């Protein structure tokens, strides 16, 4: 397969995964929307809101070649900040990296968040 065809397939697969994540989150009672590509100032792939407001900005990855630390440092964290900056939010929402599990239902995807966000979700405090 040519590089151009492979890139187009990867974009389609990524868009399909983003849509599946949004559908899954919505079916469980939260609001979620896909975000548009913004080039250098990209804001992530999916935004999730709870009853209080923006809860998380997700970067989704459907590939087989896992580069978790790179995606976290270079995409998930800065893009959550870009999302907040563009909306003049005082604090960025929780960044999350969602990794598609190969040949599995979207519900089996893995979510990477920071340890501090994990502890906060469970009701811990400083």
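We did not get these values from a lab; they are worked out from the coordinates using the rules stated. Note that the structure is a prediction, hence the values are computed from the model and not measured. Counting neighbours? That spans all protein chains shown, and the Cβs are built from the backbone with ideal geometry, glycine included.
Run the helix sum for the chain: -39,500 (n - 2.57) per DSSP H stretch of 4+ residues, divided by residue count, reported at 222 nm to the nearest 500 deg cm²/dmol.
Working: 4 runs with 46 residues, N = 126.
One gets -11000 deg cm²/dmol as the mean residue ellipticity at 222 nm.
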Expressed as an acute angle from 0 to 90° and rounded to the nearest 10, what is the orientation of the C-alpha long axis of helix 3-27 relative to the principal long axis of the chain? 40 degrees
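Can you tell me, using C-alpha contacts under 8 Å and at least 6 residues apart, the relative contact order of the chain as a whole percent? Kindly include the intermediate steps, with their values, before the conclusion.
Numbers: 180 pairs, mean separation 23.8, N = 126.
Result for the chain is 19 percent.
Report the full-extension gain for the segment residue 15 to residue 40: residue separation times 0.36 nm, less the Cα-Cα distance, to one decimal in nm.
Working: separation 25, 0.36 × 25 = 9.00 nm, distance 1.87 nm.
Contour length minus Cα-Cα distance gives 7.1 nm.
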Relative to the longest principal axis of the chain, what angle (0 to 90°, nearest 10) does the C-alpha long axis of helix 77-86 take? 70 degrees
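Highest mean first, what order results for 89-101, 58-70 on Cβ atoms within 10 Å?
Values: 89-101: 17.5, 58-70: 15.7.
Per-residue mean Cβ counts within 10 Å order the peptides as 89-101, 58-70.
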Checked against the structure, the computed Rg/Rh (Cα atoms, Kirkwood Rh) among (1) 1.01; (2) 0.94; (3) 0.97 is the one labelled (3)
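Could the peptides 108-120, 11-23 be put in order, highest first, of the mean number of other beta-carbon atoms found within 10 Å of their residues? Write down the numbers at each step before the final one.
Values: 108-120: 13.2, 11-23: 16.1.
Taking the mean over residues of other Cβ atoms within 10 Å, the ranking is 11-23, 108-120.
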Whole-number percent relative contact order across region 54-126, with pairs defined as alpha carbons under 8 Å at least 6 apart: 32 percent
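For the chain, give me the percentage of DSSP beta bridges that are antiparallel, rounded to the nearest 5 percent. List each step's numbers first, then the result.
Numbers: 11 of 17 bridges.
Taking every DSSP beta bridge within the chain, about 65 percent pair in antiparallel fashion.
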